[in-house]
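Report on one structure; see the data block that follows.
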Amino acid sequence: MSLHDIEQRIIGAAWAYGLLLAAIVTILTAVLVCSGISALACRWRARRNDFGPAGNRLWEEVDAHLEDVIAADPQLAAGLDRLNAAVRNQHKGDQ
């Protein structure tokens, strides 16, 4: 093997290493960009879904009212129980 062949192999290996390094850097950059966008989206969603104390109090009042309505009507309570059982059975079947 001549000196020229050895040089060509070293140059080829250097190019291959450079291309591999460029591919890794590109992939890592894409992953970092995607994770940054995901974090921003999660932060935006959390801010959008934050009702504050007044909104949370309203949801608690609505929940209490619905519990009173369901407790007052046995047919409604039975229908809700059947619906919950059907959803649980469907969920078990999907797994």
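Taking the Cα atoms only, what angle lies between the long axis of helix 52-72 and the longest principal axis of the chain, rounded to 10 degrees?
Its long axis makes an angle of about 50 degrees.
Per DSSP H run of at least 4 residues, take -39500 (n - 2.57); add these up for the chain, divide by its residues and hand me the 222 nm value, nearest 500 deg cm²/dmol.
Rounded to the nearest 500, it is -33500 deg cm²/dmol.
At Ile27 and Trp15, where each label point lies 7 Å from the Cα along Cα→Cβ, what is the point-to-point distance in nanometres?
2.2
State the label only: which of (i) 6.1; (ii) 12.7; (iii) 7.7 corresponds to mean projected area of the Cα convex hull in nm² computed from the shown model?
Identified label for the calculated read-out: (ii).
Where a number appears in this text, it was derived from the coordinates with a stated rule and is not lab data. Predicted model only: the values in this text are computed from it and were never measured. Neighbour counts are summed over all protein chains in view; Cβ atoms, including those assigned to glycine, are modelled from backbone coordinates with ideal geometry.
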